[in-house]
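The values are calculated or read from the model by the stated rules, or taken from the named source; none is laboratory data. Small disclaimer: the values here were computed from a predicted structure and weren't measured. A quick note on method: Cβ atoms are made from the backbone with ideal geometry, for glycine too, and the neighbour counts reach across all protein chains shown.
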Amino acid sequence: MAVRKNLDQIVENIENAKKRVGRTDPVELLAVTKFVDWDLIDQSIDWGIRSIGENKTQDMNKRIDRYKDLLEYHFIGNLQRNKVKEIIGKVKLIHSVGSQRLAKAISDRALYEDLTQDVLIQVNVSKEETKNGIYLEDLDSFVYNILEYPNIRVRGLMTMAPYQADEADLRKIFGSLYKAFEDIKVKNYKEVSMSYLSMGMTQDYEIAIEEGSNIVRIGSAIYGDRTY
Ligand SMILES: *Cc1c(COP(=O)(O)O)cnc(C)c1O
């Protein structure tokens with residue numbers, strides 16, 4: 001019961017956040033299922049969840065084995081280059097491309113498997129030392145360099161805000177990524193289609209939506225606190 005009630009509440013919160021800033025475009029709810037028990041995930045799927053996110057390749061594959069074509073899968077965690085082959089082509093989006101070397105590894109493998117992999121560029125807006133991602137000031141040249149790589153397609157940007165950020169910080173971080181997103185969009189690079197702006201988790205998704213996010217990645221607000 002709790003999962004369904006949580007999801008109803010989140011959808012209401014998303015709609016209210018959109019209304020506050022006059023948005024009518026869709027915001028996708030990505031359910032983050034890391035460390036979540038199967039029966040809770042099943043409940044969320046019964047409710048209507050069709051996209052889930054995981055941050056480990058092995059866990060992602062367990063979910064894919066069980067739910068197959070029923071769901072869309074998003075990889076949201078740090079991806080090691082030697083693990084690219086475990087998920088490439090099976091996930092709709094890799095949200096966490098934060099280095100040229102990883103982009104190259106994805107491109108190489110996608111070429112080898114004769115497929116195209118859609119990715120988001122992870123941006124470390126607040127320059128936290130513990131987080132992956134490229135800095136905002138390097139974003140332009142990063143996107144430009146990826147254009148050279150075949151079989152990898154940039155579809156948007158992703159960021160994670162620092163855990164301790166207050167509301168003013170969050171608005172600055174999310175707002176500046178939204179601006180970068182719009183700036184790249186108007187450049188009309190042939191191989192880049194800026195569709196997804198992945199920002200916002202349990203504690204900050206409403207602010208992220210007010211600042212322009214169109215995918216929120218939510219775990220504990222749906223399934224309860226994680227016990228690692
Ligand atoms: C775990 C995780 C989330 C979801 O976090 P919650 O606070 O449980 O909503 C979102 N994005 C990434 C990258 C994560 O690793």
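Points to keep in mind about this one:
- Of the candidates Pro150, Pro162, the single residue that is farther than 21 Å from Ile207 by Cβ, touching a residue at least 12 places away in the same chain (Cβ under 8 Å), surrounded by fewer than 20 Cβ atoms within 10 Å (Cβ to Cβ) and not polar (S, T, N, Q) is Pro150.
- Test: residue in segment 148-167 that is away from the ligand (no atom under 16 Å from the Cβ), modelled with pLDDT of 95 or more, outside any strand (DSSP E or B) and among the acidic types (Asp, Glu): yes
- Pairing each residue of segment 76-97 that is in contact (Cβ under 8 Å) with a residue 60 or more places away in the chain and more than 13 Å from Arg153 (Cβ to Cβ) with any residue that is more than 14 Å from the ligand (Cβ to nearest atom) and part of a helix (DSSP H, G or I), provided the two are 6+ apart or on different chains, yields C-beta distances under 9 Å for Ser96/Leu102.
- The residue that is nearest to Val97 (Cα to Cα), among those in segment 173-202 that are touching a residue at least 24 places away in the same chain (Cβ under 8 Å), within 16 Å of the ligand (Cβ to nearest atom) and assigned to a loop (DSSP other than H, G, I, E, B), is Met199.
- The set of residues from segment 98-141 being without any contact (Cβ under 8 Å) to a residue 24 or more places away in the chain and either among the hydrophobic types (A, V, I, L, M, F, W, C) or outside any loop (DSSP other than H, G, I, E, B) (or both) comprises Arg101, Leu102, Asp108, Tyr112, Glu137, Asp138, Ser141.
- The one condition from (1) under 19 Å from the mean Cα position of the chain (by Cα); (2) more than 15 Å from the ligand (Cβ to nearest atom); (3) over 29 Å from Asp114 (Cα atoms); (4) of a type outside the set (Val, Ile, Thr) that Leu29 does not meet is (2).
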